[in-house]
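Please read the structure below before turning to the comments.
The values are calculated or read from the model by the stated rules, or taken from the named source; none is laboratory data. On a predicted model such as this, the values are computed, not experimentally measured, just so you know. Surface accessibility is based on the protein's heavy atoms, side chains included, excluding ligands, DNA and RNA. Shrake-Rupley method; radii C 1.70, N 1.55, O 1.52, S 1.80 Å.
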Amino acid sequence: MRITRRSVLPVAAGGLLVPGLLAATPSSMPPQPEHSGDVKARLGVTENPFGPSPAARQAIIASVAQAPYYPHSEAALRQKIAAQEGLVQDQVTLSSGSLDALTLLTVAIAAGGRVLAPRPTYSTHLAYAARQGIETDWVNLRPDHHIDLDAMLAAIGPQTRMVYLCNPNNPTGLRPDPEQLRAFCIAAARKVPVLVDEAYFELAPDPHRQSMGALVREGHDVIVTRTFSKVYGLAGLRIAYTLAQPPRIRQLNARITTSRNQAGLAAAQACLGDAAYLAGAIAYLKQCREMIYRICDANGLRYLKSDGTFVYIDCGMPAADLQARLAARSVEVRLFEGEAYRNWMRVGTATPAELAYFGKVLPAALGR
């Protein structure tokens, strides 16, 4: 099946589109090999090429008139998010992408101590914290590739200042059972703040049941970050939000150095909660994931069924070797740290054309 915006997005009248514990200092991601020529398949990042909603596109165009002026207020978007989450505005703040919030919060909260996190997981902000002298204690995933919540709870020690995890985990794309995760967060938050990265929140079968946002409403020291970069297709506009208790929001705001951009604020305001658009974007991303699954099946590669904009694949060989071979064919993929996953690579959903190219060159890269 050929995947296009039109094939998955409803069309309205008039033809308009409707929208085990390891102690180590985290280093940067493994070095990325050079590719030959222009990148033909950019699969090392997690973006949504479906792009912004029609309403967001219109808002971006309209925002051009405001380009000469600094944004003076983020209150309208914060209030809209608060209403959606059943929170007050003081429990919501904005940032330039969720990485901004993750990094600033990690350094602020964990100063003088250590972070506890699963491995492998998204760790760009943890690598930044390491450069500030804040180390991470890692807990290996379970044999079924899920986060080991029991081991993580047991690993919270006197030097632990913060617990971090992704829901779903990145790169595995697997979600913890929501009730087990909820129990873990409540228990852990009695000891230290728990930072939950929900970058792929909208892709869950039942997002609000899977989310830990309810724990913020209940008063727990749980911090939830979400972004417009993934499912909403606004990665280039750098807009995200954080849900937390007011003292944590103030802690983050005290470290954010600048406001958001006019276009990002306008686009986010226009598309937040747009059910028709989200249905189309989610269908598109699911079909892209299915395309990756079929490529893996055709090449005899094992993979994990994902709830993210990526698929984690067992290469059956050292992933760094396959990464280099793919790079020589102008295909980018991403590797994550962890000895148990040295044969695994993460492939982003990208566009159908990029995925088709990946499927074309993969057999040769595998030496078949």
- Sorted largest first, extent of the chain alpha carbons per principal axis (Å): 58, 57, 37
- Message: As a test, work out the antiparallel percent of DSSP beta bridges whose residues both lie in region 177-246, rounded to the nearest 5.
- Response: 50 percent
- Message: What is the percent carbon and sulfur in the accessible area of region 126-195, measuring with a 1.4 Å probe over the protein chains and ignoring ligands?
- Response: 46 percent
- Query: Can you pull the accessible area of residue 321 for me, 1.4 Å probe, Å² to the nearest 10?
  - Reply: 80 Å²
- When all C-alpha to C-alpha distances in region 145-243 are sorted into bins of 10 Å, what percent of pairs does each bin hold, rounded to whole numbers? 15, 50, 29, 6, 0
- Computed accessible area, residue 53, all protein chains, 1.4 angstrom probe, square angstrom: 0 Å²
- Counting only DSSP beta bridges with both residues in the chain, what percent are antiparallel, rounded to the nearest 5? 50 percent
- Item | Partner lysines for residue 230 [C-alpha distance under 20 Å; skip if fewer than 8 residues away on the same chain] | 80, 286, 305
- Message: With only alpha-carbon atoms in the gyration tensor, what are the semi-axes of the equivalent ellipsoid for region 209-368, in Å, largest first?
- Response: 35, 19, 16
- In what sequence, largest accessible area first, do 74, 218 appear using a 1.4 Å probe? 218, 74
- Task: Can you check how the C-alpha radius of gyration of region 86-125 compares to 2.2 N^0.38 Å, as a plain ratio?
- Result: 1.40
